[in-house]
Amino acid sequence: MGAIAFDKMIKEPPKINDMAMSCDHPDLLPLEEALRRLWEALPGPGSPELRAGRDDPATDRASMDGVALRASEGRSPRQLLGTLYAGSDPAAFTVGPGTAVRVMTGAAMPAGADAIVPVEQLEISGTIVRPTAAPEAGDHVRPRGEQARCGDLLLPAGAPLSAARVALLAQEGAPVPPLARIRVGVASTGDELVADPAPHQIRDSNGPMLAALAHALGAEVTLRSSLPDDPPALAAALQSTGDIRILLTSGGVSMGDHDHLPSVLRELGATILFHKIRLKPGKPMLAALLGDLLILGLPGNPVSAYINGLLFLAQALARLEGRAAPDPWRRGRLLGPVKNKGDRPLLHPCRLGEGRLDPLPGKGSADLVTLGQADAYAWIEPGGLETGVKTRYVMVV
Ligand code: AMP
Ligand code: MG
């Protein structure tokens, strides 16, 4: 042991004591609670309520390509007066006895007509059409106001957005949020990370992995150089993050001598949303706000960084984009037993076939080989689960 390290051990009580005390505490923050805290700490959609500015549809409309006619005249032949397209002004025609107007889907109904007979149910000869089945009033007509009346509440204030709801905003002429992606920076921490590693060193696999994950989750990502295990250098990097909204770090949040991120964040005055959760892998997970910047301090172990990145980044992106909280969980039956001797829920790697979970012999949270083979991670409660039991799982993306 070098002189400096020895000196440090004498001045500071060894952190190994804390490590033993903190093992698998049942009072660690449950995953769902940590996700909720993250959600509530970020600004939600500030959209005003949305009300219908006019009846929807604003006039009776054809819902099929066909002819508009008077249903009471049954199957008798009609003389065609012309054609109305979606967007045509229906004032051009009035349907009287013995007449009909060709209409395309979405066209406004001409006055006098009360039904549409679709093309498939028509015999057409020149300008004469004859229905092959007797129509009924209202057939294939979307009546005015069928979906909403002018003034109806369509979305309450602050409603989460979805692509579907964007269509409603657009229909009503309300401002549509810009489709800008959330900017995410990714930075690994650790003195052991080098490009050309000696046996005691490693390459940075978390950085590229987390950048790819953030990209897959829809963020605009920049991968930064990895940061040394040095408090002043970490502090400087945290204070000059540029225009990103989220910083994804990995490493430096656990109980080792070089795990400086929590104390550096505290010294900078960051609000720690949580640190340490009840999950394996992923106990050291940290989330903090430094001004508007969200820092997701992922554990350094690659599987841990991956799983927590997947769960927490998806949640943060949804919130910042004004969407509803994502539910990444599916359910499936285990094709084999999985032990869990700890007192934290375990996420265990599995292959997936026809919705069934085939557990892989995972070798822990540093096992990138198994991470690369897994389709999903299955939730195993303390005590373990037997073959055939249904449990929830999250897909690898
Ligand atoms: P830490 O939480 O920083 O103590 O890291 C825990 C473990 O993850 C250590 O074995 C690290 O070497 C490893 N690790 C940390 N960062 C990375 C990274 N960027 N890529 C691969 N492994 C890492
Ligand atoms: Mg480290």
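Evaluating Leu347 against the criteria (1) at pLDDT 95 or above; (2) open to solvent by 30 Å² or more (accessible area, probe 1.4 Å); (3) within 26 Å of Leu35 (Cα to Cα) leaves one unmet condition, (2). Restricting His260, His275 to those that are more than 19 Å from Met209 (Cα to Cα), open to solvent by 20 Å² or more (accessible area, probe 1.4 Å), within 16 Å of ligand 1 (Cβ to nearest atom) and touching a Gly at 6+ places or on another chain (Cβ under 7 Å) reduces the list to His260. Annotation: of all residues in region 237-260 being under 21 Å from Leu217 (Cα atoms) and outside any loop (DSSP other than H, G, I, E, B), the one that is nearest to ligand 2 (Cβ to nearest atom) is Ser250. Could you pull out the residue among Gly173, Gly138 that is closer than 30 Å to Ser76 by Cα and either open to solvent by 30 Å² or more (accessible area, probe 1.4 Å) or aliphatic (A, V, I, L, M) (or both)? Exactly one of Gly173, Gly138 is closer than 30 Å to Ser76 by Cα and either open to solvent by 30 Å² or more (accessible area, probe 1.4 Å) or aliphatic (A, V, I, L, M) (or both), namely Gly138.
In this entry, Gly383 is excluded by the filter for residues that are touching a residue at least 24 places away in the same chain (Cβ under 8 Å) and open to solvent by less than 40 Å² (accessible area, probe 1.4 Å).
Applying a threshold of 9 Å to beta carbon distances and a minimum spacing of six or more residues, or different chains, the list of pairs starting in region 240-268 at a residue that is over 22 Å from Trp39 (Cβ atoms) and ending at one that is polar (S, T, N, Q) and more than 10 Å from ligand 1 (Cβ to nearest atom) reads Gly242/Thr222; Met255/Ser22; Leu268/Gln239. On the stretch given as region 32-52, residues that are over 25 Å from Leu248 (Cβ atoms) and acidic (Asp, Glu) total 1.
With of a type outside the set (Phe, Trp, Tyr) and under 21 Å from Pro45 (Cα atoms) as the only criterion, which of Ala195, Ala180 stands out? Break it down into steps so the answer makes sense when it comes.
Numbers: Ala195 fails: under 21 Å from Pro45 (Cα atoms).
Result: Ala180 is the single residue among Ala195, Ala180 that is of a type outside the set (Phe, Trp, Tyr) and under 21 Å from Pro45 (Cα atoms).
Residues in region 176-223 that are of a type in the set (Lys, Arg) and more than 16 Å from ligand 2 (Cβ to nearest atom) were compared, and the one that is least open to solvent (accessible area, probe 1.4 Å) is Arg183.
Output yes when any residue across region 293-311 is open to solvent by 50 Å² or more (accessible area, probe 1.4 Å), in contact with an Asp or Glu (Cβ under 9 Å, 6 or more places away or on another chain) and outside any loop (DSSP other than H, G, I, E, B), and no when none is. Looking for residues that are open to solvent by 50 Å² or more (accessible area, probe 1.4 Å), in contact with an Asp or Glu (Cβ under 9 Å, 6 or more places away or on another chain) and outside any loop (DSSP other than H, G, I, E, B), one finds none in region 293-311, hence no.
Listed here are the residues, each with its yes/no results for (1) within 18 Å of Met395 (Cα to Cα); (2) within 26 Å of the chain's Cα centre (by Cα); (3) within 16 Å of ligand 1 (Cβ to nearest atom).
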site	(1), (2), (3)
Arg344	no, yes, no
Ala366	no, no, yes
Leu371	yes, yes, yes
Asp375	yes, yes, no
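If the condition is being more than 9 Å from ligand 1 (Cβ to nearest atom) and among the hydrophobic types (A, V, I, L, M, F, W, C), then region 188-212 contributes Val194, Ala195, Ala198, Ala211, Ala212.
The values are calculated or read from the model by the stated rules, or taken from the named source; none is laboratory data. All figures in this text were calculated on a predicted structure; none of them were measured in a lab. Reconstructed Cβ throughout: ideal geometry from the backbone, glycine too, with neighbour counts over all protein chains shown. Surface areas here come from the heavy atoms of the whole protein model, side chains and all, with no ligands, DNA or RNA. Shrake-Rupley method; radii C 1.70, N 1.55, O 1.52, S 1.80 Å.
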